[in-house]
Structures are given as structure tokens and as C-alpha cells.
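These notes are about the structure you will find just below.
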Amino acid sequence: MGRFLRFAAGTLSVLVALAACGGGTGGAGTSAGEGEAAATVRIGYFPNVTHAPAIIGIEDGLFQEELGDEVNIETATFSTGTEAVEALFAGAIDMSFVGPNPAINGYAQSNGEALRIVSGTTSGGASLVVAPEITSVKDLAGKTLASPSLGNTQDVALRAWLADQGYETDLEGGGDVSIVPQENSQTLDLFQSGEIDGAWVPEPWATRLVLEGGGSVLVDERDLWPQGEFVTTHLVVATEFLEQNPDVVQGVLEGLVAAVDSANDDPAGAQATVNAGIEAITGRPLTPETIEGAWQNLTFTVDPVADSLRESAVDAEAVGLLDPVDLAGIYDLTLLNQVLTVMGRPEIAS
């Protein structure tokens, strides 16, 4: 059994219970009759700026507008992609916005059967923020750095980058640089108290570490990718739901395109919507400085930047978090390209 299977399996029992509370383990599509669309679609996302198009789609009613009155939307929020993918496995949700590595892990764990990536949403927005006294790569020796969770997208990026710099790490927090996977809110607290020396985190946490923790950006991950583009968030759908409910998925995608357009065309309005959505879930809005700063580091696009996902899989294998996996079938952009064609926009290759 690969290491990614071992660390992901720990949350499964909790999420099976979540599925039971939600009314069973079958996807919404399985409750519809043959040829009938699902009456409900259950969408997962994070209260994060990197999930801005998802929040806009929910808060502004863009998904519901495209689905019409025939389909209800239920939402679930998560703090990690591992939790979201396990919820998908357990039948607690039908689709979710997640990062690339949880999608890769879920695809591999299910032998390519459980999920498909149907669209991108966000590129960029991840950085290594460190204490002010760390001014170069050589200063990282013996230091402790955090990541959001073991095997998540930023965790893999951090481990792969450190390896490229000649540092050894292990999954238990040892090595030349100690990596401590933990929740982002805990990372901010520990960084402010000086108990950790830095973290590779997504927005808005990178900006918060700078503004609230006095840190500085040592690595902007955009600088490591061609044209500065790499997938941060995309939309994955349970394969069975996709096959049984293409019209529902297409409606969500139509709403997603509208949400991405809103994020790009009206940044101030979109930021207000996203901040209201974050406050509704977490009880605390971001400061204007934080959301504005984070927004500048993000690109919203339905292009899933497929080449960056494949490279992330290579990196995860190299650092011991993923067994070799064939990702040939992980994308299904058929419905997205149908939507784009109707709108007169170019299709996206996977």
C-alpha cells in the first residue's frame, strides 16, 4: 500500500459518518431514476480566497441560476482536500473544489474510477513565507516549516522545492529541514509566537503571515512554473454522478464560468462577495488589506493547467508521497468545452 493511501485512510471513518448524517452513502445521482436528472447536487469547497469562484457561484446564486428550480444545491465546506476527496468517496458530496494533489491521490486510490477533473478555477496563490532573519535558502538548515496537511498541494511543493535545494526531509518531521503539517490557523499562531520559522501556504494565509506575522516571501511559487501558471484549485466530480447527471454538471460549469468572469471583471465586488462568504462560514471576515493582497497573487481561470498537475504527481512520487500512477483519464473537459464553444470561446486541452 502506498504512503498516500495510509495517510488518507485515517479520515474515512469520520466521513462515512458524515455521509450517513447526510442521508446515505449514495451520490445524489444514484437516487434518480434511469435517465432522470438528480434533484439535488452536493458541492464541496473551502472558505478560502483560492476557492473564490466557488464562493461567488454559491453566494451570488450563479450555480442555482443555471440549474434552475429543478435542482437543489447543498453545500459542504472543508479545510483540506484530503477531507473533501474522502467525502466524495463516502458519497457525502457529488463534487468538490480541491487542489491538484488530493485529486491525484483520490484518482490513484480508486484505480482511476472515483473522480474526474472537469474544470479549473484558480492558478497561483501559494508562497513560502519565512521569518525576517531568513534571507536565503542556506538559512533554512535546521529550521521548522509548516504546510497545510501531509500530502496536500503545498506540502508536496515544499518538499520538492527543498529537495531541489539539496535539503533532505522525511514524512515524520525529521531531516535537514523539519516539515510540520498542520492547519493554517495554527500555523499563523505558531509563526507569530516564533515556534515555527515559516510555512508554504495558499492564500490568504501567505498574505496573513506577511501582514500579521511580519514574515517575508522567500519563494513565490509562480516563479517556479512556466508563465507563472500552476493549478491551485479545480473542480472534481464523482465519476458516477458525472455519467448519470451530465446536465447538472454542465449547469454548474456554466455558473462557474460566470463566477470566474465576475472575479476577473469586478475584483472589488468579487472580493466583497468572497469575504462575506468566508465570514458566513468561519465567523470572521478577512481584513481589506488581506483579501486585496491575496487577490493580486491569484489568477482565476477555468483552464485546469493540466501540465502542472502532472508535474505535481511527479514531485509527489519523488518525495515518497505517491506511488507511480497513470493519470491519462483524470480529466474530462467535454462538458466544459461544450459550454465554452456555445459562448464562442476557445476549447481547453487536457
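The values are calculated or read from the model by the stated rules, or taken from the named source; none is laboratory data. Treat the numbers as computed from the prediction; the structure is a model and nothing was measured. Glycine also receives a Cβ, built like all others from the backbone with ideal geometry; neighbour counts cover every protein chain displayed. Each accessible area value is taken on the protein alone, full model and side chains, heavy atoms only, with ligands, DNA and RNA left out. Shrake-Rupley method; radii C 1.70, N 1.55, O 1.52, S 1.80 Å.
Place the peptides 328-334, 237-243 in order of packing, highest mean first, counting for every residue the other Cβ atoms within 10 Å and averaging per peptide. If you can, show how the numbers build up before the last one.
On the way: 328-334: 17.4, 237-243: 22.1.
Result, highest mean first: 237-243, 328-334.
Rolling a 1.4 Å probe over the heavy atoms of the protein chains gives the chain an accessible area of 40 Å² per residue.
What part of the accessible area of segment 215-332, given as a whole %, is carbon or sulfur when the probe is 1.4 angstrom? Percent of accessible area from carbon and sulfur atoms in segment 215-332: 46.
Within the accessible area of segment 100-141, the carbon and sulfur atoms contribute 46%, probe 1.4 Å, all protein chains present.
Note on the chain: helix-only mean residue ellipticity at 222 nm, from DSSP H runs of 4+ residues weighted -39500 (n - 2.57) and normalised by residue number, equals -12500 deg cm²/dmol. In segment 26-182, the C-alpha radius of gyration followed by the widest Cα-Cα span (Dmax) gives 19.1, 63 angstrom. Peptides 58-68, 254-264 ranked from most to least packed give 254-264, 58-68, packing being the mean of other C-beta atoms within 10 angstrom over each peptide's residues.
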